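Since the structure comes first, as structure tokens, the remarks are kept for the end.
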Amino acid sequence: WSAHMDLLLPEGLDKQPLSAIAAKIQAAGFNCVRMNTATYMFTRLEYGNVTIPQTLDLFPVPGAKAGVARNNPGLLGVEKNVLDGLMAAVDELGKRNLMVIVDNHVSSPGWCCSNDDGNGFFGDQFFDPYEWLRGLIIMANIFKHHPAVIGISLRNELRGSRQNEAEWYKFMAEGAMAVHKENPDFLVIVSGLSYAGDLGFLHRTPLGVGNLGNKLVYEAHWYAFGNSAQKWAARTNYLCGLITNSIIDKFMFVTQGQNPFPLFLSEFGIDQRGINEADNRYISCLLATVAELDVDWSLWTFQGSYFLRQGNANFEETYGVMDFNWNQFRNPQFLSRLDMIRAINIANNQSPIYRKLFHPQSGKCLGALDGSVFLVNCKAATLWANHVD
């Protein structure tokens, strides 16, 4: 749920009451929200102390202020600043028993991401690593006693021409230790390079912070980007196998081996209108892999629209769970396909071992009765035993 854009407000405040948004997140079947934030909200008073009425006036979006007045009038008091807006959203999520991960998405507020937006890597125009560290400490301190907040994600999608492993190791270790020192109970979530698509260098050299008391989690993103719809249509199974092997080698491997760590697939998603054929084919590949490896995940994204995105007011988010007005789920059928990966699919010390057969294109599983097989809800799936002769 984005709160890192130009207005520094959680999206949708003009469309629905905060309580209704939290209720819709819960009704959609999610149990945790990755809340995207910007460093400057925490480190620079000229950002964090801006009142909600002021930011709505500074960025005149047609109907936005009237929408907030109608749906969230309590946020328009002159004493309410943008940080209060973020806290109000986290409070509402907590009331619904939803967990929250506070994500350091960008430094300077705005849309993410490109190689040259100044937010990509340590030392970029808007990315002073020591201001970033200070921001992480402030974030950890603000949220350390909030019962809904379970962790801090150190940085979203490191990228660009300046990216390098040496500085990644230096600053991500410092960031991880800073958050852990401020609150040892938080999960500390660390992403890799190349738009959170590469942790492969950990094959050679570990991060060097231990497991932070079992609180260290690695983070990655996986989209259909980089391969055309034509490629996916021409060789779907081949491309799926090729990309899955690459994904395992680049980041899924951290969950395996003698010293495994948890992995948080903190972004994946599709155009939920169903018109992007690359998305439509890649998603089955992803769902199969995530179900088999049983990794935790976050879907991009919940918001159905933005106050302002890249200069465009009232911008529609077609990857969003919600429709433009945040009234209805954009694609309920797609949400139902996530049921299998919502479940815990790998049980420890279970004997004998049984398997479910998952059909990711439908989101259902295989059932069997009287010699016939058919697709059913995965909760009612037939358990298949492995027999070794």
To the nearest 10 degrees, the tilt of helix 82-95 (Cα long axis) against the first principal axis of the alpha carbons of the chain is 40 degrees
Among trypsin sites (Lys or Arg not before Pro) in region 272-374, those in a DSSP loop whose Cβ has at most 13 other Cβ atoms within 10 Å are 273
Low-density loop GluC sites (Glu not before Pro), region 36-120, at most 10 other Cβ within 10 Å, DSSP non-H/G/I/E/B, are 79
Taking Cα atoms only, helix 129-143 is inclined relative to the longest principal axis of the chain by an angle, in degrees rounded to 10, of 80 degrees
Among 260, 202, 106, the residue whose Cα sits farthest towards the positive end of the charge dipole of the chain, when +1 is placed on the Cβ of each Lys and Arg and -1 on the Cβ of each Asp and Glu, is 260
Taking N as the residue count of region 106-163, its alpha carbon Rg divided by 2.2 N^0.38 Å gives 1.23
The farthest towards the positive end of the charge dipole of region 18-349, of the residues 179, 289, 224, given +1 on Cβ of Lys and Arg and -1 on Cβ of Asp and Glu, is 289
Convex hull around the C-alpha positions of the chain: the volume in Å³ per residue is 159 Å³
Net charge near residue 262 (other residues with Cβ under 11 Å of its Cβ; Lys, Arg +1; Asp, Glu -1) is -2
With Cα coordinates, the longest principal axis of the chain makes an angle with the long axis of helix 236-250, in degrees rounded to 10, of 60 degrees
Counting only protein heavy atoms and leaving out ligands, DNA and RNA, the solvent-accessible surface of residue 372 at a 1.4 Å probe, in Å² to the nearest 10, equals 60 Å²
For residue 16, the net charge from surrounding residues (Cβ-Cβ under 12 Å; K, R +1; D, E -1) works out to -1
Expressed in square angstrom to the nearest 10, the accessible area of residue 116 with a 1.4 Å probe stands at 130 Å²
Other residues with Cβ under 10 Å from the Cβ of residue 67 give, with Lys and Arg +1 and Asp and Glu -1, a net charge of +2
Given a 1.4 Å probe, the accessible area of the chain per residue, as a whole number of Å², is 45 Å²
Region 18-349: relative contact order from alpha carbon pairs under 8 Å, six or more residues apart, as a whole percent, is 13 percent
If every Lys and Arg gets +1 and every Asp and Glu gets -1 at its Cβ, then about the Cα centre the chain yields a dipole, in debye to the nearest 20, of 700 debye
Whole-percent carbon and sulfur contribution to the accessible surface of region 18-349 (1.4 Å, no ligands, DNA or RNA) stands at 50 percent
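The values are calculated or read from the model by the stated rules, or taken from the named source; none is laboratory data. Remember, predicted model here, so these are calculated numbers, not experimental data. Cβ: placed from backbone, ideal geometry, glycine included. Neighbour counts: every protein chain shown. When the accessible area is computed, the model is the full protein with side chains, heavy atoms only, and any ligands, DNA or RNA have been set aside. Shrake-Rupley method; radii C 1.70, N 1.55, O 1.52, S 1.80 Å.
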